[in-house]
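Below is one structure; the comments refer to it alone.
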Amino acid sequence: MHASDASAMVAPARGGRRRCAQRRAVREDPLPAGCDAVAAIGEVLGYGDDVGAGDAALAALAGRAAARAAPRGPAAGRSGHPRPGARARGRRWAEGAGWAVPVEGGDEGRLLLRRIVAVRDPGDGRPRRGEEVHRQVLHPPARVLTALRRAGFAARTPPGGYTGGPLPPGVTARLARRRR
C-alpha cells in the first residue's frame, strides 16, 4: 500500500516548479505540503485489510491530500470497487520469455484478496520465486467521490478512465482539482 506525490513528474511539464516526490504507506502518511499535484498511482486507495475503517480512512486521506495540495492543484487516482455478481474466485496466468506470474483470488464482499507468485529465470540455472498476498478494500465509486468533494476537491469520474481507454473490470478512475 503506497501513496505517490506525482509532482516530480508534473513539475517538468509545467516549467520546472517545485518538485517533491515520495512513496510511503498511506496509513503512515503525512503528505508533503505545497505540491503541484497529488496522484494515487495504481490502486493505493484500497490497499489494506480493514474494511470497517475503509470509509473513515478514505475520508482522512482525502482530507490530508486537500490540505497539502496547492490551490487549484490537480489530483488523480483509481481504486477497485465492488462488482455485484463478480466471480467469487478465479485464476489468471501471464508469462513471457524467462518469467511467469500466476494469480489467484477474488472478491469477498468489500475485500479483494489476491495471491501472486512471480517466477523468473535470469539465465543462471537458478530460477527465482517470490510470493505475496494483496488485500484491497473495494470502495463504491460514489463514496470515493463524496470523500474527495467533502475534502474540498471538485471531483469526477471520467468515462473510460484517464485517457478514454478501458480500465480493468472493477476499477474506476477519478480526476479532481482542489477548489481553493
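When you go through G152, G160 one by one, which is the residue that is out of contact with any His (no Cβ under 9 Å at 6 or more places or on another chain), without any contact (Cβ under 8 Å) to a residue 12 or more places away in the chain, of a type in the set (G, A, S) and under 22 Å from A37 (Cβ atoms)?
Working: G152 fails: without any contact (Cβ under 8 Å) to a residue 12 or more places away in the chain.
Going through G152, G160 in turn, the sole match is G160.
Restricting to region 85-123, name every residue that is under 21 Å from the mean Cα position of the chain (by Cα), at pLDDT below 85 and over 14 Å from R135 (Cβ atoms).
A86
Test A155 against the criterion of being surrounded by fewer than 13 Cβ atoms within 10 Å (Cβ to Cβ) and more than 15 Å from the chain's Cα centre (by Cα), and give yes or no.
Working: surrounded by fewer than 13 Cβ atoms within 10 Å (Cβ to Cβ): no; more than 15 Å from the chain's Cα centre (by Cα): yes.
Criteria not met by A155.
Limited to region 75-95, what total is found for residues that are assigned to a strand (DSSP E or B) and under 25 Å from T163 (Cβ atoms)?
8
Look at region 126-152 and say how many of its residues are loosely packed, with under 13 Cβ neighbours inside 10 Å and within 12 Å of H81 (Cα to Cα).
Going through region 126-152 one residue at a time, the tally reaches 1.
Residues being small (G, A, S) and in contact with a helix residue (DSSP H, G or I) (Cβ under 9 Å, 6 or more places away or on another chain): count how many of those fall in region 98-156. Lay out the reasoning, then the answer.
If we filter region 98-156 for residues that are small (G, A, S), which is where we start, we get 98, 100, 105-106, 109, 118, 123, 125, 130, 142, 147, 151-152, 154-155.
Next, only the ones that are in contact with a helix residue (DSSP H, G or I) (Cβ under 9 Å, 6 or more places away or on another chain) stay: 109, 147, 151-152, 154-155.
Residues that pass the stated criteria total 6.
Residues in region 141-163: is at least one part of a loop (DSSP other than H, G, I, E, B) and either hydrophobic (A, V, I, L, M, F, W, C) or not assigned by TED's automatic domain parsing to the domain that holds P71 (or both)?
Of all residues in region 141-163, those part of a loop (DSSP other than H, G, I, E, B) come to 152, 157-163.
With the extra rule that they be either hydrophobic (A, V, I, L, M, F, W, C) or not assigned by TED's automatic domain parsing to the domain that holds P71 (or both), the set shrinks to none.
No.
The values are calculated or read from the model by the stated rules, or taken from the named source; none is laboratory data. No experiment lies behind these values; they were computed from the predicted model shown. We place every Cβ from the backbone using ideal geometry, glycine too, and count neighbours over all the protein chains shown.
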